[in-house]
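Following: one structure in structure tokens, then a few remarks.
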Amino acid sequence: MKIVAIANQKGGVGKTTTACNLAAGLAVKGFRTLLVDLDQQRNATHSFELPEVEATLAEVLVGSKKELKDIRDAIYETHIVGLDLVPANIRLALVEKQLTVGEQYRLKDALSKLTEYDFILIDCPPSLGATLTQALLASHHVLVPIAAEYYPLEGVMDLDETIEETKRANESLKILGYLMTRYDKRNGICKEALDKVKGMYGDLVFEAIISTNVSLQTAPAYKKSIYEHAPESKGSENYLFLTDEVLERLEVEEARPLKLVEKKEAS
């Protein structure tokens, strides 16, 4: 099992879009995948069709130890075969008030039980703090989306520092890579941003680049991944390329592909 945190303290960089479409991409390639929505804004939760939600990640992480639910009580099948989701709740904001060592390891302890998954992706909130710390303590890798704009590294170096500090408690934590998003090849600023990020991080920058694409913006409104919503779009092509590159970097052999999207039959 490989646990990857999708993180950037700056909002609007395509963090949730990346978490959702990378998770869907891994699932349709045959890997059993869990997407964990750790963001109280719940954007990842609202991006998929789910059955009636009774328990969320908040019930797993927030409250006294004896009140906490098992994470399996908060796992729901999505409409994509092989992809499950742990939904968020606004009560996740209370994680920021957790200070004890035991509280900081609640997410790690919960996820460590889920050995049936090949991949667990964590959609982190756009901030630094106790919530992100829990994600980094629980993860093996971090993927950092960076928008191609005037100040592409704004906040990223603070995140790098947080990651380095977390390695003291989680020595296995590594940067999987930096992903350029919202890229428009017609815009000179985007090229300058890409050059700056490559100059800073070199080979850690993914070859995959996520272009500005209307379909990526509209897909969540239809509760679909980009592969269902616009399979021939640039966004679909970009995220499939990213999925392959992630598998290559993690040295994971491709599993038997499933049908792209398949409704589960009610039992």
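The values are calculated or read from the model by the stated rules, or taken from the named source; none is laboratory data. The shown structure was predicted, so the numbers you read here are calculated from the model rather than taken from an experiment. Counting neighbours? That spans all protein chains shown, and the Cβs are built from the backbone with ideal geometry, glycine included.
When E116 is tested against (1) without any contact (Cβ under 8 Å) to a residue 60 or more places away in the chain; (2) more than 17 Å from the chain's Cα centre (by Cα); (3) over 21 Å from D195 (Cα atoms), only condition (1) is not met. Each residue in region 147-183 was checked for being among the aliphatic types (A, V, I, L, M), modelled with pLDDT under 95 and assigned to a strand (DSSP E or B), and 1 pass.
Every condition in (1) surrounded by fewer than 21 Cβ atoms within 10 Å (Cβ to Cβ); (2) under 30 Å from I90 (Cα atoms) is met by D203 except one, and the failing one is (2).
Can you tell me which residues in region 95-136 are over 19 Å from T56 (Cβ atoms), surrounded by fewer than 17 Cβ atoms within 10 Å (Cβ to Cβ) and among the aliphatic types (A, V, I, L, M)? Passing the criteria: L99, V101, L128.
Restricting region 83-94 to residues that are surrounded by 17 or more Cβ atoms within 10 Å (Cβ to Cβ) and out of contact with any strand residue (DSSP E or B) (no Cβ under 6 Å at 6 or more places or on another chain), which is nearest to Y227 (Cα to Cα)? Residue satisfying both the conditions and the ranking: N89. Of all residues in region 98-117, those being among the hydrophobic types (A, V, I, L, M, F, W, C) and within 10 Å of I71 (Cα to Cα) number 4.
Among residues belonging to region 122-180 that are more than 16 Å from the chain's Cα centre (by Cα) and among the polar types (S, T, N, Q), point out the one that is farthest from S112 (Cα to Cα). Only one residue tops the list, namely T162. Within region 202-224, the residues that satisfy the criterion of being assigned to a helix (DSSP H, G or I) and either at pLDDT 95 or above or of a type in the set (D, E, K, R) (or both) are G202, D203, L204.
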